[in-house]
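Remarks on the structure that follows.
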Amino acid sequence: MERKAQESRKGLTHREVPRVVGLLLAMALMNVVLYLCFDRFFISPQHSTKDPRSCPYGYFKMGQMKNCSPWLSCEELRTEVRQLKRVGEGAVKRVFLSEWKERKVALSRLTSLEMRDDFLYGLQMLKSLQSKHIVTLLGYCEEDNTILTEYHPLGSLSNLEETLNLSKYQNVNTWQHRLQLAMDYVSVINYLHHSPLGTLVMCDSNDLPKTLSQYLLTSNFSIVANDLDALPLVNHSSGTFVKCGHRELHGDFIAPEQLWPYGENIPFHDDLMPSYDEKIDIWKIPDVSSFLLGHVEGSDMVRFHLFDIHKACKSQNPAERPTAQDILDTYQKVLNLLRDTVMSQTREML
């Protein structure tokens, strides 16, 4: 009897061994799957440095177009573009959602002849600065005062919070993607400071809402500059500096050198106002980046790691502020550091 009991116990042990091994294998497989999922989730998508729309000067490519097409002429704009509805308006131009060959496009029209010089300057900037950092120019007609550009349905950067609060975009409403947006913004500033034309300053940026309205959010959640009507040129070698407008500016969003320096007792006069350089753009980067980072889980952690570089951006002495490239390098280091930290913690959990 005792012998049968022992054999019975031995038999149970042999039968249970495959079950234990199977369970262990299943757990190991589950860990591998979870690891791969976390790996994919926590690594922010890296934007290619190469412009996928790259075309020769005077040509464009957008969306699913396989070949580059010449900028549309006056005749083509008049006959092939169908205006649908107005989607925006500024001091210089009105923007209309339009259609060209079953593609949605943005048609800009001059608001008044008084603003024509600004309109044509913006057109010249669009033509000269075409790159992945600038909205794609599709065509123009100086006779009709019209410009055709690629349409981005998510609109200006001002709509970021509203867009990310939509359920279909919850998967990109993370500190990783928001930090990437901040990097995109600084990349645009860096491009303007080292443009083919020289050092350009984003003058249409006297407050946060105005600054955000100068940029568009693309469907793949990158940033492009859209409004180029006020991009004066700085030339340190020749001593050429800029003044953003001819009226007195106020507030702490603008750089201190943009404020009237002579106190309230002396009335503002544009001729007495000192000029300045591209470092006014650097001063504003912390405020724009803070908006882009939002208040999602992990964004305060990013702000903590960016504290030193942002403090340097707010130096009262413009010469002591970092360059846009310095800031971009720091953002990349912080992204890599925090990504590696999250991945390390994930591995330990598994």
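The values are calculated or read from the model by the stated rules, or taken from the named source; none is laboratory data. All values reported here derive from a predicted model rather than from experimental measurement. Note that each Cβ is placed from the backbone with ideal geometry, even for glycine, and that neighbours are counted across all protein chains shown. Note: accessible area is taken over every heavy atom of the protein model, side chains too, but ligands, DNA and RNA are not part of it. Shrake-Rupley method; radii C 1.70, N 1.55, O 1.52, S 1.80 Å.
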**Prompt:** Can you give the Kirkwood hydrodynamic radius for region 94-173, in Å, rounded to one decimal and based on Cα pairs?
**Reply:** 14.4
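Ordering T163, T341, T111, T79 by how much accessible area each has at a 1.4 Å probe, largest first, what is the list?
Largest accessible area first, the list is T79, T341, T111, T163.
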**Asked** Is the shape of region 64-139 best called rounded, prolate or oblate, per the rule: a/c under 1.5 gives rounded, else a/b larger than b/c gives prolate, else oblate, with a ≥ b ≥ c the square roots of the Cα gyration tensor eigenvalues?
**Response** oblate
**Prompt:** How large is the charge dipole for region 258-337, taken about the Cα centre, if only the Cβ atoms of Lys, Arg (+1) and Asp, Glu (-1) carry charge, to the nearest 20 debye?
**Reply:** 280
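Give me the percent of DSSP beta bridges within region 110-245 that run antiparallel, rounded to the nearest 5. Spell out each step's value before the answer.
Details: 12 of 13 bridges.
Once the DSSP bridges in region 110-245 are tallied, antiparallel ones form about 90 percent.
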**Complete:** Computed curve, region 168-256, Cα-only Debye sum without solvent term, log₁₀ I(q)/I(0) at 0.20, 0.22 Å⁻¹, is -1.06, -1.19
**Asked** With the calculation restricted to Cα positions, what are the radius of gyration and Dmax of region 47-206 in angstrom?
**Response** 16.5, 47
**Message:** Based on alpha-carbon centroids, what's the gap between region 63-139 and region 174-231 in Å, whole number please?
**Reply:** 19
**Item:** Fraction in percent of alpha-carbon pairs per bin - 5 Å, region 122-216
**Value:** 2, 11, 18, 22, 21, 14, 8, 4, 1, 0
**Message:** Run the simple label-point estimate for E99 and D117 please: 7 Å along Cα→C-beta, distance reported in nm.
**Reply:** 4.0
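Can you pull the semi-axes for region 213-325, root of five times each eigenvalue of the Cα gyration tensor, sorted largest first, whole Å?
Values: eigenvalues 163, 65, 43 Å².
Equivalent-ellipsoid dimensions as semi-axes: 29, 18, 15 Å.
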**Asked** If the limit is 24 Å between Cα atoms, which of K93/K168; K279/K311; K66/K93; K104/K127; K132/K333; K66/K132 go over it?
**Response** K93/K168; K66/K93
**Fill in**
SASA check, K127, accessible area w/ 1.4 Å probe, all protein chains in place, rounded to nearest 10 Å², comes out at 30
**Item:** Area of V201 that stays accessible when all protein chains are in place (1.4 Å probe, Å², to 10)
**Value:** 0
**Request:** Return the distance in nm (one decimal) between the two label points of a simple spin-label model at V87 and L233, each offset 7 Å from Cα along Cα→Cβ.
**Result:** 3.2
**Message:** Please list log₁₀ I(q)/I(0) at q = 0.12, 0.14, 0.22 Å⁻¹ for region 263-340, using the Debye equation with identical point scatterers on the alpha-carbon positions.
**Reply:** -0.45, -0.56, -1.02
**Asked** Hey, any idea what % of region 288-345's accessible area is carbon plus sulfur with a 1.4 Å probe?
**Response** 56
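Which GluC sites (Glu not before Pro) does region 198-271 hold that lie in a coil by DSSP with at most 16 other beta carbons within 10 Å? Please list the in-between numbers first.
On the way: sites: E248, E257, E264; in loops: E248, E264.
Answer in residue order: E248, E264.
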**Message:** I'd like the accessible area for S195, computed on protein heavy atoms only with a 1.4 Å probe and all protein chains in place. Round to 10 Å², please.
**Reply:** 10
